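Beneath this line is the structure, given in structure tokens, with notes to follow.
The values are calculated or read from the model by the stated rules, or taken from the named source; none is laboratory data. Keep in mind it's a predicted model, so treat the numbers as computed, not measured. So basically every Cβ, Gly included, is an ideal-geometry build from the backbone, and we count neighbours across all protein chains shown. Calculation scope for accessible area: heavy atoms of the full protein, side chains included, ligands and nucleic acids excluded. Shrake-Rupley method; radii C 1.70, N 1.55, O 1.52, S 1.80 Å.
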Amino acid sequence: MRRGTAILASGIFLVLAPGTVGGLVPWWISRWQMRSPLFAIFAFRVLGAILIVAGLPVLVNSFVRFAVQGLGTPAPIFPTKHLVVSGSYRYVRNPMYVGVVAIILGQAFLLGNPRVLAYSVIVWLAFHLFVLGYEEPKLTRTFGDEYRNFREHVPRWIPRVSPWRG
């Protein structure tokens, strides 16, 4: 896939997949109406805003790296030609999923909505099962030792404190 095509395809995929999972569905659940803070703790609202603000650039940056460096998209039908191990990927193996879950969790905390909170857990579980059942085996088959080395040094979900310099 050429770089321009990869960027366009990634942009479309960014709007459709994470836009739906991380934006449209939480809106359907909550209509983005504020409720009392979760567990009556106001600090959750602040944490929610922080998670949303932190999750958005991680998500967008990860998509751009897939298109520009990987020459592909996150969609399994247009996979990358190169393993992407820079940017946020130096800290965590799945920054797109982490970004989407952070955005959903942030909305749950900000809005004080337990249904959005439950949805964030369901989304993370779906991502986890997909990563274990499809993505990691596929990446191992496609990129071999390069991916095994990456997987050995970079955690799946909880980011490293310092970047991996593999």
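Among the candidates Pro159, Pro163, the residue that is out of contact with any strand residue (DSSP E or B) (no Cβ under 9 Å at 6 or more places or on another chain) and open to solvent by 30 Å² or more (accessible area, probe 1.4 Å) is uniquely Pro159.
Among the candidates Phe78, Phe109, Phe63, Phe127, the residue that is farther than 19 Å from Val25 by Cα, part of a helix (DSSP H, G or I) and either more than 17 Å from the chain's Cα centre (by Cα) or not acidic (Asp, Glu) (or both) is uniquely Phe63.
Listed residues Val121, Val85, Val92, Val98; which is open to solvent by less than 50 Å² (accessible area, probe 1.4 Å), at pLDDT 95 or above, aliphatic (A, V, I, L, M) and assigned to a helix (DSSP H, G or I)?
Values: Val121 fails: open to solvent by less than 50 Å² (accessible area, probe 1.4 Å); Val85 fails: assigned to a helix (DSSP H, G or I); Val92 fails: assigned to a helix (DSSP H, G or I).
Sole residue among the options that is open to solvent by less than 50 Å² (accessible area, probe 1.4 Å), at pLDDT 95 or above, aliphatic (A, V, I, L, M) and assigned to a helix (DSSP H, G or I): Val98.
Filter region 132-156 down to residues that are among the acidic types (Asp, Glu) and under 21 Å from the mean Cα position of the chain (by Cα) and give me whichever is least open to solvent (accessible area, probe 1.4 Å). By that ranking, first place goes to Glu136.
In contact (Cβ under 8 Å) with a residue 60 or more places away in the chain and open to solvent by 70 Å² or more (accessible area, probe 1.4 Å): is that true of Phe66 in this structure? Here the answer is no, as Phe66 does not meet what is asked. Close contacts from region 11-37, counting a first residue that is modelled with pLDDT of 95 or more and a second that is open to solvent by 40 Å² or more (accessible area, probe 1.4 Å) and hydrophobic (A, V, I, L, M, F, W, C), with Cβ to Cβ under 7 Å and a gap of 6+ residues or different chains, come to Pro37/Phe44.
Tallying residues that are at pLDDT below 95 and more than 16 Å from the chain's Cα centre (by Cα) within region 41-60 yields 0.
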